[in-house]
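S.K.: To start, I am sharing the structure in question, which I have written as structure tokens.
The values are calculated or read from the model by the stated rules, or taken from the named source; none is laboratory data. Since this is a predicted model, take the numbers as computed values, not measurements. Cβ atoms come from the backbone with ideal geometry, glycine included; neighbour counts cover every protein chain shown. Accessible surface areas use protein heavy atoms only, side chains included; no ligands, DNA or RNA. Shrake-Rupley method; radii C 1.70, N 1.55, O 1.52, S 1.80 Å.
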Amino acid sequence: MSLFSTLNTGKTALNASQIAIATTSQNISNADNDSYTRQRVSFAASSPLYTQGVSIGSGVSVTSIVRIHDEFVYSKLREASSNLSYDTFSTKTLQETAKYFPDLSDSGLAQDLTNYFTEWSNLASNTTEGSQKIALIQKSVTLTTNIQSTRDSLRSLQDSMNTQLKTAVDELNSIGSQIADLNKQIGIVEATKGASANDLRDQRDKLELTLSKLVNISVFKGNITSDTTVDANMTDTGKEYYLNISGASFVDGPTFHPIVIDNSSNESSYYSISSQMQDGRLYGLTEQLSGGKIGAILDLRGRVIDKSVNGGYPQDGILQGYIDDLDSFAQTFITETNNIYAQSAQKRMDSPSLSLKGNESLKNVYNNMNDGSMDVIVYDTNGKEVARKTLNINGMTTMSDDTFSQSILTQFNSDTDDNHDNNALNDVSDYFKAEFMDNGSFSISPTSLNNGYTVAIKDNGSNFPGIIGVSQFLTGSDASNINVKTEYKENPSALQGYGAPIAGNHSVANSMLQLQYTSLNFYHKDGSISQGTIQGQYSAFTAKIATDASAAKSQYDTNEALNATITSEFQSISGVNKEEELIDLMQYQKSFAAAAKIITTIDQMLDTLLGIKS
């Protein structure tokens, strides 16, 4: 073996030390970069030289620069990040929602309800006092306005979820495109034997982690290997790459399949999400996506959208559930209030225009119409009851069509002996007649025989007067349009607190006051019925919102701790330890100095040898 061979041995050591120092420097410079994976130089002895039966080493070679990465731990980190992102967004949104329902004694809808019933109590003490009527109308307007405002706030929040969904999907597609481009670059770099695109793989991992914060993803990277001579962890080294979202291919190596978001399929302002297949067909993902910010948005906003069922709004979702519950509360509040107010004798009764046909079953149109009955009562000018007729409601009852059943008009207008006195001229139909107009309104108006008589309706469980609105105090059908009848807002003195039109009768005002203590039925969109008082139902509603927010915060705290643990585990494997790297740097510096010493020594030996020859 010549001195020149030995000189080459020193050169390989010098080069290896230089590469190791450069790699260690790269690690140290990225110590605060959470997305960087530390790297390690893998050395191997160069092929030895055999001479005179002896094996003589020829130096060292760098076989690879290895990422210290564990794909199994990293997959757990992706999952934990997705869960934490979901909980972060859900908690923030639900805590914001809870602020719409303050649990304070002097604010919020709960206080508005208390003030409302207090004014009915004041009116019950003197039903003719004008100032008390004005105060009642003012408190009623405040209550109904705040119910509408609260619902509008919930709807606005739900609408913002829809807007944020589009933004999140746009970001999702942008990241998917970047990952596909990185896969192409990795393939080009690693096409050269022995080359490793470590920094590109780091960039891809960073994008995967960002993607997981948007939605749950599934990643297959082909060749996952473990080389205990370098690092015992399971790292990805393969060129294959498949990223799926809810079973739909999103990134296939260098090919990107975009997620499509639009509202053309459901003809609603609310978006649906699909995956576009290679042949252009769309595969629906709205109901399948989970985890991350997008999963949280869909769970909050709602996933099932059908314009024909709910006006283009979601049929499910946490926020939609709150809106439905508030609507259910308002619906019963309106119906029961108007049931009672219909007991106040009027010269005539008129409903607003109804989305109802004369031949439609009332129970099929209105979810809170019950089998039951109602009494139509006629009073004379002295407030004495002169006639009473009972009308029955069942599953076949319509307004004006008698094809299958006895309609409301037929029952009301039929010539019956209501007083059982064989007098054909003093019954309900002699004083009043019922009509169902072409515009869908229902009216009870005086006949030619009526001589200043008044009419009232006492409901016996059917909810007919309250639903149809034959004599309204509150207008509307749910929380979106609840209001005080315009007539009473413009002229509070028109408000009546009596039943029979006689002095000292406070029956309607007293019944309104007692309504707050009565157990009522609340009809929900899913067909279920809950029972409770008005204030009890509202308290249960607000308690549910507060409980949901608290549960979301608790889940967030749990997943935050879990994410911190997994992040710490991941960083202990892939993160840069400055102290460890500095020790390595000093070691490689000494190796570099030793290699330089070898070259210097050989140089001196060559000078000596050349001096002898000269």
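S.K.: Would you kindly identify the helices (runs of 4 or more DSSP H) lying entirely within the stretch 230-341 that contain at least 3 residues that are hydroxyl-bearing (Ser, Thr, Tyr)?
M.R.: The helices (runs of 4 or more DSSP H) meeting that bar are 318-341.
S.K.: Give the residues of the stretch 354-390 that are crowded, with 16+ Cβ neighbours inside 10 Å, of a type in the set (A, V, I, L, M) and closer than 30 Å to residue 528 by Cβ, sorted by residue number.
M.R.: Scanning the stretch 354-390 gives 354, 356, 362, 369, 374.
S.K.: What's the number of the condition residue 519 fails, among (1) within 23 Å of residue 375 (Cβ to Cβ); (2) open to solvent by less than 50 Å² (accessible area, probe 1.4 Å); (3) at pLDDT 95 or above?
M.R.: Residue 519 satisfies all of (1) within 23 Å of residue 375 (Cβ to Cβ); (2) open to solvent by less than 50 Å² (accessible area, probe 1.4 Å); (3) at pLDDT 95 or above except (2).
S.K.: So which residues in the stretch 182-196 are farther than 17 Å from residue 244 by Cα and either surrounded by fewer than 21 Cβ atoms within 10 Å (Cβ to Cβ) or touching a Phe, Trp or Tyr at 6+ places or on another chain (Cβ under 7 Å) (or both), if there are any at all?
M.R.: Result: 184, 185, 187, 188, 189, 190, 191, 192, 193, 194, 195, 196.
S.K.: Filter the stretch 250-260 down to residues that are more than 22 Å from the chain's Cα centre (by Cα) and either more than 15 Å from residue 218 (Cβ to Cβ) or surrounded by fewer than 17 Cβ atoms within 10 Å (Cβ to Cβ) (or both), then give me how many there are.
M.R.: Result for the stretch 250-260: 6.
S.K.: So the check is Cβ under 6 Å with 6+ separation or different chains; which pairs have a first residue in the stretch 559-582 that's touching a residue at least 40 places away in the same chain (Cβ under 8 Å) and more than 18 Å from residue 26 (Cα to Cα) and a second one that's of a type in the set (Lys, Arg) and surrounded by 12 or more Cβ atoms within 10 Å (Cβ to Cβ)?
M.R.: Short answer, once both residue conditions are applied: 566/76.
S.K.: If you check 122, 27, which single one turns out to be crowded, with 16+ Cβ neighbours inside 10 Å, modelled with pLDDT of 90 or more, in a helix (DSSP H, G or I) and not charged (D, E, K, R)?
M.R.: The unique qualifying residue is 122.
S.K.: Please pick out the residue among 174, 149 that is within 21 Å of residue 480 (Cβ to Cβ) and free of Cβ contacts under 8 Å to residues at least 12 places away in the same chain. Walk me through it before giving the result.
M.R.: Numbers: 174 fails: within 21 Å of residue 480 (Cβ to Cβ).
Step by step, each of 174, 149 is checked, and only 149 is within 21 Å of residue 480 (Cβ to Cβ) and free of Cβ contacts under 8 Å to residues at least 12 places away in the same chain.
S.K.: So, of the residues in the stretch 66-116 that are touching a strand residue (DSSP E or B) at 6+ places or on another chain (Cβ under 7 Å) and part of a helix (DSSP H, G or I), which turns out to be nearest to residue 536 (Cα to Cα)?
M.R.: Across the stretch 66-116, the extreme among qualifying residues is 72.
S.K.: I'd like to verify a number: residues in the stretch 479-538 that are polar (S, T, N, Q), in contact with a helix residue (DSSP H, G or I) (Cβ under 8 Å, 6 or more places away or on another chain) and farther than 27 Å from residue 151 by Cα, how many?
M.R.: Residues in the stretch 479-538 being polar (S, T, N, Q), in contact with a helix residue (DSSP H, G or I) (Cβ under 8 Å, 6 or more places away or on another chain) and farther than 27 Å from residue 151 by Cα: 4 in total.
S.K.: Need the failing condition index for residue 127 against (1) under 30 Å from residue 516 (Cα atoms); (2) part of a helix (DSSP H, G or I), just the number.
M.R.: Result: residue 127 fails condition (2) only.
S.K.: Within the stretch 554-570, is there a residue that is in contact with a Phe, Trp or Tyr (Cβ under 7 Å, 6 or more places away or on another chain) and not basic (Lys, Arg)? Can you show your working first?
M.R.: Start the filter on the stretch 554-570 by keeping residues that are in contact with a Phe, Trp or Tyr (Cβ under 7 Å, 6 or more places away or on another chain), which leaves 570.
In the following step, the residues that additionally are not basic (Lys, Arg) were identified as 570.
Scanning the stretch 554-570, I find at least one residue that is in contact with a Phe, Trp or Tyr (Cβ under 7 Å, 6 or more places away or on another chain) and not basic (Lys, Arg), so the answer is yes.
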